[in-house]
Amino acid sequence: MSDRQAAVDLLERVWGERPTARELEWWFDDHPGGRGLLTMERDGERAVGLASLSFLRCRVGGVEQLVAMPLQVATDPTERGKGIFGRLERANEEEAAARGCALGVTFPNDASRPIFLEKLGWHELWRGRIWVRPPAIPSRRGELRIENLTTVTTEVERLGATANGQLTGGTFLEWRYLRSPRAYRILGAFRGDALAGLLAWRPSRGRVAIVCHALGEVGQLLRATGSARPTLALVPPERRGAFLAAGFVPTPKPIRVLAKKLRPEGNPDGPWQFQLGDFDVF
């Protein structure tokens, strides 16, 4: 059995969802940050543990660098308590450091967060709150021209945040949303011929819709993505007014991002910003 086949079998046993071969190829082989890691422990042909990691192009302290992000993890229920995840994660961190990553960041689930914090030396870096909008009727009315985008130019780079975080240039956005096997869409808002705002969203993820990245002037774009489903977002501070005006409200549900120094020169200090599209699960 191939490594990929064993990995998806384990993910299905543990989480009840089975990623497709194309999803794994897209995320781990085609990622703009480079080929990711899928590290497994086996019992014969059967995978009993998995730890995965991607490499993100981020701005940290004003400098572009690769940052390691642990992603999907799974341990077979019959093998828990044997330290499998810790061994696999340490191996991935060592490989990331060898590739030059000075920092790691991750958005762990409730099961893995205590292991990262208590056994692997990670600490909390950032905390945000999920926002939600109830079902809403879409409307493109407004002064800006709204278009569905099939390509993203370098013009989008001037809309990005200045805080520490993942770089959202054209190459990343095209890979993340337009070349994905998942059903994402990108809308652009134009003032004349100039791009004023961009919104990447997932119209359907189970029972909800997802605002993945919102850049620039997004108020009209948010109204254009009204949905029969509740819509979730992680809202940048400078765009909270636009989200409130479009019917979003903050919820008590937190998003907690952890960090770890992987090399001596790693320094996570300074403000960070994340949106839901920075995380593979959305």
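The values are calculated or read from the model by the stated rules, or taken from the named source; none is laboratory data. What you are looking at is a predicted structure, and each value in this text was computed from that prediction instead of being measured. Cβ placement follows ideal geometry from the backbone for every residue including glycine, while neighbour counts extend to all protein chains displayed. When the accessible area is computed, the model is the full protein with side chains, heavy atoms only, and any ligands, DNA or RNA have been set aside. Shrake-Rupley method; radii C 1.70, N 1.55, O 1.52, S 1.80 Å.
Points to keep in mind about this one:
- In the elastic network of the chain, a GNM with C-alpha springs shorter than 10 Å, the most mobile of Glu12, Glu124, Glu45 is Glu45.
- Answer label for Cα Rg over 2.2 N^0.38 Å (calculated), chosen among (1) 1.22; (2) 0.98; (3) 1.02: (3)
- Of the trypsin sites (Lys or Arg not before Pro) in the range 167-209, the ones in a loop by DSSP (not H, G, I, E or B) with at most 13 other beta carbons within 10 Å are Arg179, Arg207.
- Size of the range 22-160 as Cα extents on the principal axes (Å, biggest first): 60, 38, 32
- GNM top mover of Phe85, Phe248, Phe190 - the chain, alpha-carbon springs below 10 Å: Phe190
- Candidates Thr150, Thr75, Thr106: whichever shows maximal mean-square fluctuation once the chain is modelled as a Gaussian network with Cα springs under 10 Å: Thr150
- Overall, the range 4-157 carries a charge dipole of about 420 debye about its Cα centre when +1 sits on the Cβ of Lys and Arg and -1 on the Cβ of Asp and Glu, all other atoms neutral.
- Fully extending the segment from Glu94 to Thr20 would add 23.9 nm, taking 0.36 nm per residue of separation and subtracting the current Cα-Cα distance.
- When the surface is traced with a 1.4 Å probe over the full set of protein chains, Thr154 keeps roughly 100 Å² accessible.
- The slack between Ser139 and Arg182, meaning 0.36 nm per residue of separation minus the straight C-alpha distance, is 13.1 nm.
- Assigned charges on the beta-carbon of Lys, Arg, Asp, Glu; the chain dipole about Cα centre (debye): 980 debye
- C-alpha center-to-center spacing [the range 116-151, the range 71-112] in angstrom: 25 Å
- Rough spin-label spacing in nm, given labels placed 7 Å along Cα→Cβ, for Ile255 and Arg87: 3.4 nm
- Dipole magnitude for the range 104-216: about 460 debye, using +1 per Lys or Arg Cβ and -1 per Asp or Glu Cβ, origin at the Cα centre.
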